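**Q** I'd like to ask some things about the structure below.
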Amino acid sequence: MARVTQDEICGWHCLTRRPIRLICKDGIIIKMDKPRSRPPRVQWLAPSLLDAQVNGYGGVDFQQDNLSAEELLSAARRLRAAGCARFLVTVITDHWPKLIARLRHLRSIRARSAELQAAIVGWHVEGPFLSSEPGFHGAHNPALMCDPTPRHVRELRSVSGQDPLLLTLSPERPRALKAIKLAVSLGIKVSLGHTNASPEILRAAVEAGATGFTHLGNGCPRELDRHDNILWRVFETRGLMVSLIPDQIHVSPPLFRLIHRVLGADSIYYTSDAMSAAGQPPGRYKLGNMELEVGPDQIVRQPGKPLFAGSALRPIDGIFRAARMLGCPWQDVWARFSEAPAELMGLRNELTVGQPADFCVLQVTGENELAEVRVFQASNLVTSSPSTSVRRKSRP
Ligand SMILES: [Zn+2]
C-alpha cells in the first residue's frame, strides 16, 4: 500500500516577511499557518524561481538534436540546485523544420518523465522571426531568419499542444502584426525582442496582443543613437512586461536601476537567458552550431566578437546580484524571478496553500547574504535529499 507522507517546515515567508509553518502532503502545500515558536531568523521560504528563458544549463545545450532524457534531467536538476524548479526550455533561431523537430523531440522526452513535466512548465521559441539588422540579431544567425506566416504560428501551436508557449519575435518584420494576433488567439504569449521597431509598430504590436519584451538592453547594438533608440521607445510603450538579465554584465548597474525607475518594478521580470555554460567553470561551450567562450568574468562571447551570446548566470545568483545593483534586500526582488514570469505565462507560482510543495528554502548570513539554497523536496517526489530542518511524519 502507498505510504501517505506529510512534511512540515517553518521559516520566514520571503514576501510577507512573517514566520510561517507549511504542511505539505502528497506533494502539495495543504496548510500555511503561524508556527508555535519563531523559526531561526536565517531560514527563509520562497516560491521556486521560474526562469522563462533557458537555452541550456550545466553543460547541456538544449539546441542540440537528439538530446537525451538523461541530459535534460541533468540540466533540470542543476537548475533546481540553483533555486529554479520551473523553467521554459528555449529554442532559438534555426532552419524552421529543424526548430520544429527539436521542439517535438524535447516535448516527447518531457512527456515520459514526471520530474521533467514538473520542471519544464512550457517552451520559449526565440526566433527565427527576429531583426536581421547588425547588432539586433545578437547571436542568432540572420541567414536563417524569416517572416512569420499563419502556417508557422499554427505549426508552433500544434507541436506544443496546449503547453504554455512564449514566442519572441520582432514586430517590424512583414506580416508580424497579423502573426501576433493569430498567436495570441491560439493562446501563445508573444514577447517582442531582437527588434528595432518604431514607436508606432511597438504600439501596434501591443494592440495586437503582445505582452512581453525579451531581455531589454540586449539584442541591440552596443552603440545606440542617443536621441532615438529601442530602449527609449520601449520606455514609452505601455503594456509590456520586460525581462532583464540580472547578471551585472548584460545590463550595467546604472541602466538596471534606471529601467526599474522608469518602468516600475511591476513591469519587470528577470531571466537568466542561460546557455550550457551556466553553472559550469570557464571554457568553451556549445549553443547550437556555435562554439562560445566563457572566461573567468562569466561573459559568454563568440570568440573574437564583442556581443554577448546568452549568459552563464545561475538563477539564484541573479536574485542576489539584482538586489546588490538596486541596493535593496533580496526579498524585495524575489517575486520578479518567481511570481512575475509565471504571471506573464498565465501560470501560478506562489508560496501558498494548493501549490506544489517544491519551493525554496534559503539560509542566509547575518548580513542577509546567501549561505545556502535548496528546493524543498516533498517526500513523495524524491529526487534529492530534503533540508535537514524538515520534520517528517509518515504513517503506513
Ligand atoms: Zn535573445
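The values are calculated or read from the model by the stated rules, or taken from the named source; none is laboratory data. All figures in this text were calculated on a predicted structure; none of them were measured in a lab. Positions of Cβ are backbone-derived with ideal geometry, glycine not excepted, and every protein chain shown enters the neighbour counts. Note: areas computed on protein heavy atoms with side chains; ligands, DNA, RNA excluded. Shrake-Rupley method; radii C 1.70, N 1.55, O 1.52, S 1.80 Å.
**Q** Any idea which residue in segment 229-266 is nearest to P134 (Cα to Cα), counting only those that are in a helix (DSSP H, G or I) and open to solvent by less than 10 Å² (accessible area, probe 1.4 Å)?
**A** Result: I230.
**Q** Output the number of the condition that Y269 fails; it satisfies all remaining conditions of (1) closer than 22 Å to D317 by Cα; (2) part of a loop (DSSP other than H, G, I, E, B); (3) within 16 Å of the ligand (Cβ to nearest atom); (4) not acidic (D, E).
**A** (2) is the only condition that Y269 fails.
**Q** How many residues does segment 141-168 contain that are more than 16 Å from the ligand (Cβ to nearest atom) and either within 19 Å of the chain's Cα centre (by Cα) or part of a loop (DSSP other than H, G, I, E, B) (or both)?
**A** Going through segment 141-168 one residue at a time, the tally reaches 10.
**Q** All but one of (1) in contact (Cβ under 8 Å) with a residue 12 or more places away in the chain; (2) within 26 Å of S267 (Cβ to Cβ) hold for F376; state the number of the condition that does not hold.
**A** (2)
**Q** With respect to S132, determine if the residue is open to solvent by 10 Å² or more (accessible area, probe 1.4 Å), over 16 Å from G212 (Cα atoms), within 16 Å of the ligand (Cβ to nearest atom) and of a type in the set (S, T, Y).
**A** Here the answer is yes, as S132 does meet what is asked.
**Q** Which residue out of G193, G161, G212 is modelled with pLDDT of 95 or more and open to solvent by 10 Å² or more (accessible area, probe 1.4 Å)?
**A** After applying the criteria, what remains is G161.
**Q** Right, here's the next one. Looking at segment 86-107, which of its residues are more than 16 Å from the ligand (Cβ to nearest atom) and under 24 Å from P150 (Cα atoms)?
**A** H95, W96, P97, K98, I100, A101, R102, L103, R104, H105, L106, R107
**Q** Tally time: how many residues in segment 173-189 are charged (D, E, K, R) and either buried (at least 21 other Cβ atoms within 10 Å of the Cβ) or touching a strand residue (DSSP E or B) at 6+ places or on another chain (Cβ under 8 Å) (or both)?
**A** Within segment 173-189, residues that are charged (D, E, K, R) and either buried (at least 21 other Cβ atoms within 10 Å of the Cβ) or touching a strand residue (DSSP E or B) at 6+ places or on another chain (Cβ under 8 Å) (or both) number 2.
**Q** Examine segment 67-85 for a residue that is assigned to a loop (DSSP other than H, G, I, E, B) and either under 18 Å from S272 (Cβ atoms) or within 16 Å of the ligand (Cβ to nearest atom) (or both), and state whether such a residue exists.
**A** Yes, some residue in segment 67-85 is assigned to a loop (DSSP other than H, G, I, E, B) and either under 18 Å from S272 (Cβ atoms) or within 16 Å of the ligand (Cβ to nearest atom) (or both).
**Q** Let me ask another. Filter segment 108-126 down to residues that are of a type outside the set (D, E) and closer than 18 Å to S272 by Cβ and give me whichever is nearest to the ligand (Cβ to nearest atom).
**A** H124
**Q** Quick one: R226 ticks every box in (1) within 16 Å of the ligand (Cβ to nearest atom); (2) out of contact with any Cys (no Cβ under 8 Å at 6 or more places or on another chain); (3) assigned to a loop (DSSP other than H, G, I, E, B) bar one, so which box is it?
**A** Condition not satisfied by R226: (1).
**Q** Considering only residues that are surrounded by 14 or more Cβ atoms within 10 Å (Cβ to Cβ) and among the hydroxyl-bearing types (S, T, Y), which ones fall in segment 1-52?
**A** Those that are surrounded by 14 or more Cβ atoms within 10 Å (Cβ to Cβ) and among the hydroxyl-bearing types (S, T, Y): T5, S48.
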